[in-house]
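S.K.: First, the structure itself, so that you have it in front of you.
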Amino acid sequence: MKAATSRRGVLLAGAAALIAPAALRALPAPRKPNIVILYADDLGYGDLSCYGATALRTPNLDRLAARGTRFENAHSPSATCTPSRYALLTGDYAWRASGIQILPGDAPALIRPGRFTLPAMLKKAGYATGLVGKWHLGLGDGKVDWNGEIAPGPLDIGFDYGFFMPATLDRVPTVLIENRRVVNLDPADPIAVDYHDKIGEEPTGAENPDQLAFRGDPEHSNTIVNGIGRIGYMTGGRAARWKDEALSDVLLGKALEFVTARKDGPFFLYYAVNEPHVPRAPHPRFVGKSGLGSRGDAILQLDWTVGELMRQLEQSGIADDTLIVFSSDNGPILFDGYEDRAVELAGGHRPAGPYRSGKYAIYEGGTRVPMITCWPGEVRAGHVSHALVDHVDLFASLAALVGQDLPRDAAVDSFDMLAPLLGQTDRGRDHVVEDTKLMITTGTKVASSGERILALRAGNWKLIRGSVAPHAFHGNAIGTSPGDQLYNLAQDPGERNDLAARLPDRARTLAALLDKIERDGRSRP
């Protein structure tokens, strides 16, 4: 039996009031829906069975898609994690701010206190706001005291509650923060972190490979934690360090606590799960179950996690009052620093589906991601949408949903896409800008050159702006060309046939539009 305060209960009561005496017609306004954004990490368009994967099954996400709308043309704002998360929470393209790229674990807070953000907007609308999972948007003012109060951070930009990893699974410090303090920290064992020089006597992957569960490249061969070499060096905080195989369960527990305690809502939960980002060390329940190695097992763990959250919403009687938005911060990657045999064990599985490349790349595989919306009775069920949408639009779309106006100088690239998100129309954006940093591969190592690459999607056309010639670097530059590239995605979804030379007028028109969007400093009218 659902709670009497459910959205449907209110609507039914409203219908009854039409035939009730006037004295009985004073009814509460319909509840605003609870909102959950489930943000996966490095999950590809082709990684779910509801998107065509046959080598593994994702029944819980398939069920979510069957109950809601699945998007075939949804995009992350960037082909890497930090810029996508920044754009989602601010409504601004990350490339408008200089220097935003994948952050080290000790970077200062990227979103500064006082910024009007997605959680701040929802908090203004009466929502309890929470973050669980990956943060990776910087903390503090340039030098974090991991042993004291950590600020600024999520609580300073609109979140009421936070339980989160500072950066990524493969970066130190490998600890969790609750609100402003490291969880389970022993004051007698203080944490120190350095991203340039080795500190302390902790073993490292480079010096002590015999202590590794699996080897990593030189970047992932610094301090060993839980048998895994990390990026960066740390000492101390031994009681606070997470166990990789238990981490997803810990985060899930906190997410369930948050929604259960606030079931009378409305609440907003940004649940940034860690799968299938490296290092992939899933719980023993999932080890060997996918047949695709640890990456496939991590995807099964992700699917189970989604199922557990859905089950809790249903048991709490609030599933019908909750809008879920599921997606990924960028496209997939198999090898990303660790020798976990993801490439060898992938077999015929295509993580990016029919699209070219994946994480780090400006091609469609880098930013075209799975996306599902579900809100029973409100989001169109069983629908497959072809609308062009982007995560940067969640800010304006949710503002429209909860009746909040956006200041002129906030969310400057966020468009109201509420109708397509609800499955009411397949007409989405006319255009969207995608970005990445120019990545150089040398052997198995991938590194950023620091140069930004922009691409413009307009209908079925895609223009990739020209960038520094690949021969300027030692190695291969992913997705680059000295001149602009032009692709017709309707005919060439794999972006193999560059039409820029054959259709110069179209290429120039799109390039001029991209220049204007960049020059104007905003794209929202």
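S.K.: Output the number of the condition that G307 fails; it satisfies all remaining conditions of (1) small (G, A, S); (2) assigned to a loop (DSSP other than H, G, I, E, B); (3) open to solvent by less than 30 Å² (accessible area, probe 1.4 Å).
M.R.: That leaves (2) as the condition not met.
S.K.: Count, please, the residues in region 66-84 that happen to be basic (K, R) and surrounded by 24 or more Cβ atoms within 10 Å (Cβ to Cβ).
M.R.: Summing the residues that are basic (K, R) and surrounded by 24 or more Cβ atoms within 10 Å (Cβ to Cβ) in region 66-84 gives 1.
S.K.: What is the residue count in region 502-516 for residues that are part of a helix (DSSP H, G or I), open to solvent by 50 Å² or more (accessible area, probe 1.4 Å), touching a strand residue (DSSP E or B) at 6+ places or on another chain (Cβ under 7 Å) and more than 16 Å from V432 (Cβ to Cβ)?
M.R.: 1
S.K.: Being open to solvent by less than 10 Å² (accessible area, probe 1.4 Å) and either of a type in the set (D, E) or assigned to a loop (DSSP other than H, G, I, E, B) (or both) is the filter here; which residues of region 353-378 pass it?
M.R.: Once the filter is applied, which keeps residues that are open to solvent by less than 10 Å² (accessible area, probe 1.4 Å) and either of a type in the set (D, E) or assigned to a loop (DSSP other than H, G, I, E, B) (or both), region 353-378 yields G358, A361, I362, E364, V369, P370.
S.K.: Assess whether S397 counts as being without any contact (Cβ under 8 Å) to a residue 60 or more places away in the chain and of a type outside the set (D, E, K, R).
M.R.: The answer is yes for S397.
S.K.: Having 1 or more residues that are closer than 14 Å to P108 by Cβ is the bar; report the strands (runs of 3 or more DSSP E) wholly within region 122-204 that clear it.
M.R.: 192-194
S.K.: Can you give me the number of residues within region 48-65 that are open to solvent by 20 Å² or more (accessible area, probe 1.4 Å) and within 12 Å of S290 (Cα to Cα)?
M.R.: Residues meeting the conditions: 3.
S.K.: Quick check on this structure: which one of D160, D189, D170, D156 is within 14 Å of L103 (Cα to Cα), modelled with pLDDT of 95 or more and among the acidic types (D, E)?
M.R.: Of the residues listed, the single one that is within 14 Å of L103 (Cα to Cα), modelled with pLDDT of 95 or more and among the acidic types (D, E) is D170.
S.K.: Just wondering, is there one or more residues in region 485-499 that are polar (S, T, N, Q), under 22 Å from R452 (Cα atoms), without any contact (Cβ under 8 Å) to a residue 60 or more places away in the chain and in contact with a strand residue (DSSP E or B) (Cβ under 8 Å, 6 or more places away or on another chain)?
M.R.: Yes, region 485-499 contains at least one residue that is polar (S, T, N, Q), under 22 Å from R452 (Cα atoms), without any contact (Cβ under 8 Å) to a residue 60 or more places away in the chain and in contact with a strand residue (DSSP E or B) (Cβ under 8 Å, 6 or more places away or on another chain).
S.K.: The conditions are (1) modelled with pLDDT of 95 or more; (2) in contact with a His (Cβ under 7 Å, 6 or more places away or on another chain), and A125 fails exactly one of them. Which is it?
M.R.: The failed condition is (2).
S.K.: Being among the small types (G, A, S), in contact with an Asp or Glu (Cβ under 6 Å, 6 or more places away or on another chain) and part of a loop (DSSP other than H, G, I, E, B) is the filter here; which residues of region 383-439 pass it?
M.R.: Matches in region 383-439: A387, S414.
S.K.: Any residue that is in contact with a helix residue (DSSP H, G or I) (Cβ under 8 Å, 6 or more places away or on another chain), more than 30 Å from V36 (Cβ to Cβ) and of a type in the set (K, R) - is there at least one of those in region 212-224?
M.R.: Yes, the conditions are met somewhere in region 212-224.
S.K.: Can you tell me which residue is surrounded by the fewest Cβ atoms within 10 Å (Cβ to Cβ) among those in region 264-285 that are part of a loop (DSSP other than H, G, I, E, B) and among the hydrophobic types (A, V, I, L, M, F, W, C)?
M.R.: Step by step, filter region 264-285, then rank; the result is A281.
S.K.: Additional query: Search region 231-249 for residues that are in contact (Cβ under 8 Å) with a residue 40 or more places away in the chain and pair each with any residue that is open to solvent by 40 Å² or more (accessible area, probe 1.4 Å) and among the basic types (K, R) when their beta-carbon atoms are under 8 Å apart and the residues are at least 6 apart or on different chains.
M.R.: These pairs meet every condition: Y233/K198.
S.K.: Test G288 against the criterion of being open to solvent by less than 10 Å² (accessible area, probe 1.4 Å) and farther than 16 Å from G133 by Cα, and give yes or no.
M.R.: no
S.K.: Can you go through K143, K134 and tell me which one is at pLDDT below 95 and either buried (at least 22 other Cβ atoms within 10 Å of the Cβ) or of a type outside the set (V, I, T) (or both)?
M.R.: K143
S.K.: Need the failing condition index for A87 against (1) open to solvent by less than 10 Å² (accessible area, probe 1.4 Å); (2) closer than 24 Å to A298 by Cβ; (3) in contact with a His (Cβ under 9 Å, 6 or more places away or on another chain); (4) among the small types (G, A, S), just the number.
M.R.: (2)
S.K.: Looking only at residues that are part of a helix (DSSP H, G or I) and open to solvent by less than 30 Å² (accessible area, probe 1.4 Å) in region 240-252, which one is farthest from Q312 (Cα to Cα)?
M.R.: Ranking the candidates gives A240 first.
S.K.: Being crowded, with 24+ Cβ neighbours inside 10 Å and closer than 25 Å to S78 by Cβ, is that true of even one residue in region 312-324?
M.R.: Checked against the condition, which is being crowded, with 24+ Cβ neighbours inside 10 Å and closer than 25 Å to S78 by Cβ, region 312-324 yields at least one hit.
S.K.: So, one more: Search region 335-352 for residues being in contact with a Leu (Cβ under 8 Å, 6 or more places away or on another chain) and over 27 Å from R465 (Cβ atoms), and hand back the single one that is surrounded by the most Cβ atoms within 10 Å (Cβ to Cβ).
M.R.: Here the residue is A342.
S.K.: Another one. Of G205, G265, G253, which residue is modelled with pLDDT under 95 and of a type outside the set (S, T, N, Q)?
M.R.: Of G205, G265, G253, the one residue that is modelled with pLDDT under 95 and of a type outside the set (S, T, N, Q) is G265.
S.K.: While we're looking at this one, here's another question. Among the candidates L302, L323, which residue alone is modelled with pLDDT of 95 or more, in contact with a strand residue (DSSP E or B) (Cβ under 8 Å, 6 or more places away or on another chain) and in a helix (DSSP H, G or I)?
M.R.: L302
S.K.: Hey, can you tell me all the residues within region 379-395 that are in contact with a helix residue (DSSP H, G or I) (Cβ under 7 Å, 6 or more places away or on another chain) and open to solvent by 10 Å² or more (accessible area, probe 1.4 Å)?
M.R.: A381, G382
The values are calculated or read from the model by the stated rules, or taken from the named source; none is laboratory data. Note that the coordinates shown come from a computational prediction; the quantities given were computed from them, not determined experimentally. Glycine gets a Cβ as well: all are built from the backbone with ideal geometry, and neighbour counts include every protein chain shown. For accessibility, only protein heavy atoms count, side chains too; no ligands or nucleic acids. Shrake-Rupley method; radii C 1.70, N 1.55, O 1.52, S 1.80 Å.
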